[in-house]
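The values are calculated or read from the model by the stated rules, or taken from the named source; none is laboratory data. Just so you know, these numbers come straight off a predicted model, no measurement behind them. With ideal geometry, Cβ positions are generated from the backbone for all residues, glycine too; neighbour counts draw on all protein chains shown. Heads up: the accessible areas ignore ligands, DNA and RNA and are worked out on the full protein's heavy atoms, side chains in. Shrake-Rupley method; radii C 1.70, N 1.55, O 1.52, S 1.80 Å.
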Amino acid sequence: MPRATFERELHTIQDDLLLLGSMAQQALADSVEVLRNRDEEGAKRIIRGDQAINEKRFAIEADCLALIATQQPMAGDLRTLAAVLEIVTELERIGDYGKGIARISLLMGSGPLLKPLVDVPRMEQKAVDMLRRALDAFIRRDVALARAIPLEDAEVDALYNQIYR
């Protein structure tokens, strides 16, 4: 396979990675909205939609492994594919969080919330912002941006702890 074909397939994998990131991000955002609005049908839709996220993850993994097996990439290209394999697992897990929030919403029923949701949407917005910037850093190969994002974990952890209490 000529280098141009390899580059095209690698680019396609990266595009699919961004699509998966968008799907996971949407599942998370929608799940918080469903929780806020007590939308049982929306919660069921998110739970059903998780299958598409799982399928996209496995398709990307298969494409990566096929590219590795057929092209035996070296150095940077192999590191990129290895990173994609790790990232898709994490993106699928984010989708699972959205599904989990939707399930919790169903368990809570359609009754009013005990108190208004304030910190959950803030945590979701912060997590989505971090996710977007992390994917952007990966695609642009921006090491400085990639290293800065984990420093913001403490803010998300603090919101989680506040919600949990």
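Extending 7 Å from Cα along the Cβ direction at A146 and again at R38 yields two label points whose distance is 4.6 nm. Rounded to the nearest 10 degrees, the angle from helix 75-108 to the longest Cα principal axis of the chain is 20 degrees.
Provide Rg over Rh for segment 29-111; use the alpha carbon set for both Rg and the Kirkwood Rh (inverse mean inverse pair distance).
1.20
Couplings 3J(HN,Hα) for segment 152-165, derived from phi with the Karplus relation 6.51 cos²θ - 1.76 cosθ + 1.60 (θ = phi - 60°), are 8, 4, 4, 5, 5, 4, 5, 5, 4, 4, 5, 5, 4, 5 Hz, where x marks Gly and Pro. Note on L67: accessible area is roughly 0 Å² with a 1.4 Å probe, heavy atoms of protein only.
Along segment 44-58 the Karplus relation, 6.51 cos²θ - 1.76 cosθ + 1.60 evaluated at θ = phi - 60°, assigns HN-Hα couplings of 5, 5, 5, 4, 5, x, 4, 4, 5, 5, 4, 5, 5, 4, 5 Hz to successive residues, with x for each Gly and Pro.
Roughly how far apart, in whole Å, are the Cα centres of segment 92-165 and segment 45-59? Using only Cα atoms to place each centre, the spacing works out to 19 Å. Enclosing the Cα atoms of segment 46-165 in their convex hull gives a volume equal to 109 cubic angstrom per residue. Filter the trypsin sites (Lys or Arg not before Pro) in segment 100-161 down to the DSSP loop ones having no more than 10 other Cβ atoms within 10 Å, then list what survives. Counting only loop positions with at most 10 other Cβ atoms within 10 Å, the trypsin sites (Lys or Arg not before Pro) in segment 100-161 are R141. Net length available on complete extension from L85 to E155 is 22.5 nm, with 0.36 nm assigned per residue and the Cα-Cα distance removed. In the Gaussian network model of the chain, springs joining C-alpha atoms below 10 Å, which of A24, A137, A148 carries the largest mean-square fluctuation? Between A24, A137, A148, it is A148 that shows the largest mean-square fluctuation. Cβ-Cβ distance of A4 and Q26, R₀ of 30 Å, FRET efficiency by 1/(1 + (r/R0)^6): the value works out to about 0.35. Between amide H atoms placed 1.01 Å from N, distances below 5 Å from D39 occur with no residue 5 or more places distant or on a separate chain.
Across segment 109-116, coupling constants 3J(HN,Hα) worked out from phi with the 6.51/-1.76/1.60 Karplus curve, θ = phi - 60°, read x, 9, x, x, 5, 5, 8, x Hz, and Gly and Pro carry x.
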